[in-house]
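Data block below; observations after.
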Amino acid sequence: MTEHEKVVLITGASSGIGEATARRLAADGHRVFLGARRTERLETLCHDINGAGGTAAFRRLDVTSAEDMRSFVTAAHEEYGRVDVLVNNAGVMPLSPLEALRVDEWDRMLDVNVRGVLYGIAAALPVMRAQGAGHVINIASVGAYEVVPTAAVYCATKFAVRAISEGLRQEAAAGIRVTLVSPGVTESELPDSITDPAAREAMASYRAVALPAAAVADTIAFAVSRPPEVDVNELVVRPAART
Ligand code: NDP
């Protein structure tokens, strides 16, 4: 394996940013291991990547289960012998005003967006520590920096991802790098989970200027491609156009 060819694990790789990142990193020569719940999508994606000369494998993953996350990392390690990069990308965004009291949706956001990231770290860190090197890339959002109406809980989860990333950066053993990537509105399936009518309508105007998911993949690829002595900590990428 050259420095260029890394083993990269991506959660939430069945659509949007995760899928675009899998395609981009595989095209760059990295071996990717993909997780999500919709395995038929992962199967098609791996088929595409392998058919184009890349190296991809997948496993069903629900990031809200610590055990599932451990099995995912173990399977990747067994498949490729290393875990160089973990992209904690899986996320959900059922926006609604707090007043609507959609407690189940709050729980889902906390489970996927916060616990999922922590479980990813818990599963990958021991392997990376044993290797003496590793790279955790957490996908937050511009919502990790500012709160907007209907997004209190979503932003809270992304503020948390930012805090966890900074804490990990400070505490992780030498050789372990931490990058937070915070996209603005990006073309993906993310708004499909919004059930609140007003929040759905508000998203429509944002989507008109959305970044292609490939632009976020490009940002992630930049962080992955830095030499081992360079730790890119935070990248914020927004559409140039304004709503
Ligand atoms: P998508 O909805 O297209 O992708 C989300 C991915 O997360 C899917 O692959 C989905 O897979 C996966 N996922 C959801 N729940 C789980 C779970 N319990 N276990 C495993 N995987 C899960 O949206 P995006 O690509 O936009 O989202 C990717 C990340 O980017 C998220 O963290 C999101 O918050 C963040 N982001 C997105 C922005 C945007 O405007 N699109 C802006 C800022 C940040 P499956 O359903 O198959 O399990």
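The values are calculated or read from the model by the stated rules, or taken from the named source; none is laboratory data. For clarity, every value in this text was computed on a predicted model and none was experimentally measured. Every residue, glycine as well, gets a Cβ built from its backbone with ideal geometry; the counts of neighbours run over all protein chains shown. All accessible areas refer to the heavy atoms of the entire protein, side chains included, with ligands and DNA or RNA removed. Shrake-Rupley method; radii C 1.70, N 1.55, O 1.52, S 1.80 Å.
Below are the figures for this structure:
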| item | result |
| --- | --- |
| Test: residue in the stretch 186-196 that is open to solvent by 30 Å² or more (accessible area, probe 1.4 Å), within 21 Å of ASP111 (Cβ to Cβ), in contact (Cβ under 8 Å) with a residue 40 or more places away in the chain and over 19 Å from the mean Cα position of the chain (by Cα) | yes |
| Tally, over the stretch 53-77, of residues that are away from the ligand (no atom under 15 Å from the Cβ) and within 23 Å of SER188 (Cα to Cα) | 1 |
| Qualifying positions in the stretch 184-199 - hydroxyl-bearing (Ser, Thr, Tyr), in a loop (DSSP other than H, G, I, E, B) and within 14 Å of the ligand (Cβ to nearest atom) | SER188 |
| Evaluation of ILE164 against (1) buried (at least 19 other Cβ atoms within 10 Å of the Cβ); (2) within 11 Å of the ligand (Cβ to nearest atom); (3) within 15 Å of the chain's Cα centre (by Cα) (one fails), failing number | (2) |
| Residue list for the stretch 1-34, restricted to those being open to solvent by 50 Å² or more (accessible area, probe 1.4 Å), modelled with pLDDT of 95 or more and away from the ligand (no atom under 14 Å from the Cβ) | ALA27, ARG31 |
| Identity of the residue in the stretch 151-183, part of a helix (DSSP H, G or I) and of a type in the set (Gly, Ala, Ser), that ends up farthest from TRP106 (Cα to Cα) | GLY167 |
| Among (1) within 14 Å of the ligand (Cβ to nearest atom); (2) open to solvent by 60 Å² or more (accessible area, probe 1.4 Å); (3) over 24 Å from ASP111 (Cα atoms); (4) part of a loop (DSSP other than H, G, I, E, B) - the single one GLU146 does not satisfy | (3) |
| Those residues of the stretch 78-108 which are within 9 Å of the ligand (Cβ to nearest atom) and assigned to a helix (DSSP H, G or I), in sequence order | ARG108 |
| Residue among SER71, SER65 that alone is farther than 30 Å from ARG207 by Cβ, out of contact with any strand residue (DSSP E or B) (no Cβ under 9 Å at 6 or more places or on another chain) and open to solvent by less than 50 Å² (accessible area, probe 1.4 Å) | SER65 |
| The lone exception for VAL127 - which of (1) touching a Gly at 6+ places or on another chain (Cβ under 8 Å); (2) closer than 26 Å to GLU234 by Cα; (3) not in a helix (DSSP H, G or I) it fails | (3) |
